[in-house]
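The values are calculated or read from the model by the stated rules, or taken from the named source; none is laboratory data. What you see is a predicted model; the values in this text were computed from it and never measured. Counting neighbours? That spans all protein chains shown, and the Cβs are built from the backbone with ideal geometry, glycine included. In case anyone asks, the SASA skips ligands and DNA or RNA and just uses the protein heavy atoms, side chains included. Shrake-Rupley method; radii C 1.70, N 1.55, O 1.52, S 1.80 Å.
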Amino acid sequence: MNGYQRVMAVLRGELPDRVPVCLHNFLPAAREAGIPLEQSLTDPQAAARAHLQAVETYGHDCILIDLDTTMLAEAMGAERDYTPGEPGHIAAPAIAGLDEAEKLRPVDPERDGRIPVLLVAIRIMAQAVGGRVAIRGNCDQCAFSLAGLLRGMENFMMDLVSEPDHPGLQRLLEVSYQSHLATHRAVKRAGADFTSFGDSPAGPDVVSPAIFQRFARPYQERLLRELAADGIFTVIHICGNTSAILDQLEQYPVCGFELDYKTDPTLAKATAGREHVLFGNIDPSGAVALGTVEQVREASRQLIETWKHGGRFVLNAGCALPAMTPPDNIRALVAAAAELGCYGG
């Protein structure tokens with residue numbers, strides 16, 4: 001099987017010949033290609049070249065293209081800034097209060113902000129490796145996280161507690177949702193084989209499971225249903241330790257979960273991983289970036305032993321790999337899947 005066949009078999013709930021690998025490597029990919037990071041986040045040719053060079057170098061099964069966590073908020077009016085060599089960050093929110101949420105409009109993915117950079121890069125890569133390597137198009141932030149960026153995260157968190165029933169809060173979440181949904185559909189049309197998104201502030205490291213259930217989970221599940229109706233498989237990434245909400249995630253419609261390394265892998269496999277695809281969850285910094293080749297191999301071996309049974313598993317780091325990740329450590333992660341992840345038969 002080639003990488004595309006391997007990954008798509010997993011998404012269908014079938015056993016491939018071995019565990020596939022998807023690298024969350026937009027930072028080291030740009031560095032190794034000699035492309036300034038900001039150029040790779042704003043120039044579709046540069047973004048595609050970085051990922052295509054990386055897949056040629058490491059032979060992983062799935063390209064994950066990501067333009068940082070500011071793409072949608074910037075396209076909707078928030079002010080983006082960046083430090084050279086680092087992903088962008090939101091310098092100023094789009095609205096100063098919930099009463100201003102009415103002025104927000106859903107994005108047009110083909111025109112607004114840097115979203116067209118993502119779409120063109122996917123088209124380039126699909127033409128180059130389509131049908132041989134799977135392409136996972138990351139669609140930035142889901143409604144909860146995007147709303148926080150548009151409002152300002154601290155203010156948004158205060159709104160959730162002090163004005164949970166404010167109509168502007170509902171409007172903010174809804175327009176964020178519509179922008180996010182439109183981006184998934186555009187990414188799939190551009191040639192991605194499946195999509196993914198982040199909703200990191202929705203996790204237990206930031207908000208309570210009750211806040212998650214009321215304000216984040218409904219939009220995630222709604223998205224899954226609407227994308228499934230369009231034939232789009234998607235993967236949810238929530239940073240931090242999600243062990244406290246795995247019982248909720250277990251109830252979701254068919255999807256994938258990219259879990260951070262802080263999440264208990266045994267519990268994850270016994271709950272959300274029984275009927276959903278698990279991506280991850282090697283420690284991207286402590287193991288892959290700062291560990292030895294032997295430590296990367298051992299971490300991969302342990303996770304493969306825990307998550308391999310029954311399939312529905314794509315080996316990856318639990319979050320984005322740091323830019324300075326040693327190439328030999330990336331090779332060790334990819335090699336572990338080939339050497340230890342075979343299903344046989």
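A compact table of results
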read-out: Local electrostatic count, residue 243, Cβ distance below 13 Å [Lys/Arg +1, Asp/Glu -1]; value: -3
read-out: ³J(HN,Hα) computed for each position of region 280-292 - Karplus, 6.51 cos²θ - 1.76 cosθ + 1.60, integer Hz, glycine/proline x; value: x, 10, 5, 4, x, 9, x, 9, 6, 7, 10, x, 8
read-out: Surface accessible to a 1.4 Å probe, per residue, for the residues of the chain, Å²; value: 38
read-out: All Cα pairs of region 110-208, percent lying beyond 17 Å; value: 56
read-out: Probe 1.4 Å, all protein chains present, accessible-area order of 199, 264, largest first; value: 264, 199
read-out: Ranking by accessible area, most exposed first, for 71, 324 with a 1.4 Å probe; value: 324, 71
read-out: Residues whose placed amide H lies under 5 Å from that of residue 15, excluding near-sequence neighbours; value: none
read-out: Computed over the chain: relative contact order in percent, which uses C-alpha pairs under 8 Å that are six or more apart; value: 21
read-out: Viscosity 1.002 mPa s, 20 °C: Kirkwood-radius Stokes-Einstein D of region 188-288 over Cα pairs, µm²/s; value: 154
read-out: Helix runs (DSSP H) in the chain reaching 15 Å along axis by Cα, Kyte-Doolittle at least 1.0; value: 115-129
read-out: Neighbourhood charge, 14 Å Cβ-Cβ cut-off, centred on residue 79 and excluding it, Lys, Arg +1 and Asp, Glu -1; value: +1
read-out: 10 °C / 1.306 mPa s Stokes-Einstein diffusion coefficient of the chain, Kirkwood radius on C-alpha pairs, µm²/s; value: 80
read-out: Solitary cysteines of the chain, where the nearest other Cys Cβ is not under 4.7 Å; value: 139, 142, 239, 255, 319, 342
read-out: Highest-fluctuation residue, 273, 231, 137 considered, GNM on the chain with Cα pairs under 10 Å; value: 231
read-out: Calculated from backbone phi, Karplus (6.51, -1.76, 1.60) coupling profile of region 101-113 in Hz, x at Gly/Pro; value: 4, 4, 7, 6, 10, x, 6, 9, x, 7, 10, 8, x
read-out: Gain on full stretching of the segment that runs from residue 163 to residue 270 - 0.36 nm per residue minus C-alpha separation; value: 34.8 nm
read-out: Full-extension gain in nm, residue 343 to residue 324, via 0.36 nm per residue minus C-alpha separation; value: 3.6 nm
read-out: Local net charge near residue 281, Cβ-Cβ under 13 Å (Lys/Arg +1, Asp/Glu -1); value: -2
read-out: Portion, in percent, of the accessible area of region 198-333 that falls on carbon or sulfur, probe 1.4 Å; value: 54
read-out: Long-range amide H partners of residue 259 with built H, under 5 Å; value: 279
read-out: Carbon + sulfur, % of accessible area of region 1-139 - ligands and nucleic acids excluded, 1.4 Å; value: 46
read-out: Mean projected area in nm² (Cα convex hull; one quarter of hull surface) for region 156-232; value: 5.4
read-out: Highest-fluctuation residue, 101, 128, 323 considered, GNM on the chain with Cα pairs under 10 Å; value: 128
read-out: Separation between Cα centres of region 236-272 and region 126-188, rounded to whole Å; value: 19
read-out: Virtual spin-label span in nm between residue 154 and residue 174, 7 Å along Cα→Cβ; value: 3.0
read-out: Computed label-point distance, nm, for sites residue 292 and residue 12 using a 7 Å Cα→Cβ extension; value: 4.2
read-out: Inter-probe distance in nm under a simple model that places probes 7 Å from Cα toward Cβ, at residue 213 and residue 132; value: 4.9
read-out: 158, 153, ranked by accessible area, largest first (probe 1.4 Å); value: 158, 153
read-out: Theoretical gain in end-to-end length, residue 2 to residue 305 [0.36 nm per residue, Cα-Cα removed]; value: 106.8 nm
read-out: Distant-in-sequence amide H partners of residue 80 (H built 1.01 Å from N, under 5 Å); value: 91
